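*Asks:* Can you read through this structure? Questions will come right after.
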Amino acid sequence: MPRNWPIPLVLLGLLLVFPPIASATGLEFYTGLVTKIMIFALAASSLNLILGYGGMVSFGHAAYFGVGAYAAAILAREGVSSAWVIWPVAMVLSGLLAFLIGAICLRTRGVYFIMITLAFAQMIYFLVVSFKQYGGEDGLRARRPDFGLFELSDTTLYYLTLAVLTAVLYALYRLVNSRFGRVLQAIRENESRAATIGYPVYQFQLAAFVIAGVLAGLAGVLMAHYTQYASPNLLAWQQSGHLMMMVILGGVGQFWGGVLGAATLLIVEEILQDLTIYWQLGVGLILLLIVLFAPMGIAGLFGRRAR
């Protein structure tokens, strides 16, 4: 467990009792908001794996997020009702897409890597828009699947998302502190030296890229269950930028960066949208302040770098 394990455990306890408290006080809306935050925390944490720990600035991460959501929606439309089928298929498709894109993109470096990941993501976006039988630009309704053991209501989706996020974060903590994670961070710091020592740089980067794609696809599935809708906007480059903003706010390379960044950005957006139509200006100012005065992100302010 992380050295600051009491704080996450206390937060986990609060999240466990939050839905009944929100229901008793007539604030059910916030249960949905927290569910959305947890979904984006998962997606941002998957991006942080390759961006923060691997040094790979991918500007097309939303492609895997959107593919996961569309896989869930399309399978549901075609009559597949079991979540035990939908989830694995969506994750495999996202991972396969990440493998194919990563196998090509990882042969480039610097700005070329950024641009080619963006190009692939836009190709996937326009491909989805061209599928008129699945809604095209209007998107596609995504019915909630059957888990067999329980009905997927808003409350059970909340607890399901919490369970998935907790399990994934624990797995990511073990991963980044394993030999694999150490090598990945060594490649980030000095790729040439890591290659000289004898580490297969390309294979390590590609493995991390695929893992991040699978986790982003899982987040996309949860988003489809949450909104009961799959939209092409989930694959757009703006969504990739949104995820990257979360990681930057929370802290690039900080273990809790994706979680803190997602929570901060979504809460700030929710507050500012109620105050002014120019809420994006406020978000931009907050991001600017974080970059200027807290270059290691919000997590860096508390010294929460995963070691």
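*Asks:* Name the one entry in 69, 83 that is touching a helix residue (DSSP H, G or I) at 6+ places or on another chain (Cβ under 9 Å), touching a residue at least 40 places away in the same chain (Cβ under 8 Å) and either of a type in the set (D, E, K, R) or buried (at least 24 other Cβ atoms within 10 Å of the Cβ) (or both).
*Replies:* Result: 69 is the single residue among 69, 83 that is touching a helix residue (DSSP H, G or I) at 6+ places or on another chain (Cβ under 9 Å), touching a residue at least 40 places away in the same chain (Cβ under 8 Å) and either of a type in the set (D, E, K, R) or buried (at least 24 other Cβ atoms within 10 Å of the Cβ) (or both).
*Asks:* Considering only residues that are β-branched (Val, Ile, Thr) and crowded, with 19+ Cβ neighbours inside 10 Å, look in the range 109-139 and name the one that is farthest from residue 70 (Cα to Cα). Give the steps one after another, and end with the answer.
*Replies:* Here is the first cut: in the range 109-139, the residues β-branched (Val, Ile, Thr) are 111, 114, 116-117, 124, 128-129.
Filter once more, keeping what is crowded, with 19+ Cβ neighbours inside 10 Å: 116-117, 124, 128.
Values: 116: 22, 117: 20, 124: 11, 128: 9 Å.
Looking at residues that are β-branched (Val, Ile, Thr) and crowded, with 19+ Cβ neighbours inside 10 Å, I get 116.
*Asks:* Filter the range 17-59 down to the residues that are in a loop (DSSP other than H, G, I, E, B) and either on the phi < 0 side of the Ramachandran plot or out of contact with any Lys or Arg (no Cβ under 6 Å at 6 or more places or on another chain) (or both) and list them by number. Write out each step before concluding.
*Replies:* Step one: of the range 17-59, the residues in a loop (DSSP other than H, G, I, E, B) are 25-27, 54-59.
Hits for the range 17-59 are 25, 26, 27, 54, 56, 57, 58, 59.
*Asks:* Looking at the range 294-307 only, could you name the residues that are in a helix (DSSP H, G or I), on the phi < 0 side of the Ramachandran plot and modelled with pLDDT of 80 or more?
*Replies:* Narrowing the range 294-307 to residues in a helix (DSSP H, G or I): 297-301.
Now narrow it down to the ones that are on the phi < 0 side of the Ramachandran plot: 298-301.
Of everything in the range 294-307, those that are in a helix (DSSP H, G or I), on the phi < 0 side of the Ramachandran plot and modelled with pLDDT of 80 or more turn out to be 298, 299.
*Asks:* Then there's this: Among the listed residues 160, 149, identify the single one that is hydrophobic (A, V, I, L, M, F, W, C) and under 22 Å from the mean Cα position of the chain (by Cα).
*Replies:* On the way: 149 fails: under 22 Å from the mean Cα position of the chain (by Cα).
Among 160, 149, only 160 is hydrophobic (A, V, I, L, M, F, W, C) and under 22 Å from the mean Cα position of the chain (by Cα).
*Asks:* Next up: Can you name every residue in the range 252-274 that is outside any helix (DSSP H, G or I), over 20 Å from residue 12 (Cβ atoms) and not aliphatic (A, V, I, L, M)? Before you say what the answer is, go through the steps one by one.
*Replies:* First pass over the range 252-274, keeping only residues outside any helix (DSSP H, G or I): 252-256.
Adding the requirement that they be over 20 Å from residue 12 (Cβ atoms) leaves 252-253.
Selection gives 253 alone.
*Asks:* Can you tell me which residues in the range 188-230 are surrounded by fewer than 24 Cβ atoms within 10 Å (Cβ to Cβ), modelled with pLDDT under 95 and of a type in the set (Gly, Ala, Ser)?
*Replies:* 192, 194, 195, 198
*Asks:* State which residue pairs qualify: first residue free of Cβ contacts under 8 Å to residues at least 40 places away in the same chain and inside the range 252-263, second residue surrounded by fewer than 24 Cβ atoms within 10 Å (Cβ to Cβ) in any location, beta carbons under 7 Å apart, and separation of 6 or more residues or different chains.
*Replies:* Cβ pairs passing all conditions: 260/298.
*Asks:* Restrict the check to the range 172-181 and report whether at least one residue is under 14 Å from the mean Cα position of the chain (by Cα) and of a type in the set (A, V, I, L, M, F, W, C).
*Replies:* Kept after step one, since they are under 14 Å from the mean Cα position of the chain (by Cα), are these residues of the range 172-181: 172.
This time we only want the ones that are of a type in the set (A, V, I, L, M, F, W, C), so: 172.
The answer is yes; a qualifying residue exists.
*Asks:* Related question: Which condition number does residue 104 fail, the rest of (1) within 27 Å of residue 227 (Cβ to Cβ); (2) touching a residue at least 12 places away in the same chain (Cβ under 8 Å) being met?
*Replies:* It is condition (1) that residue 104 fails.
The values are calculated or read from the model by the stated rules, or taken from the named source; none is laboratory data. Model, not experiment: these values are computed from the prediction. Using ideal geometry, Cβ is built from the backbone for each residue, glycine included, and neighbour counts are taken over all protein chains shown.
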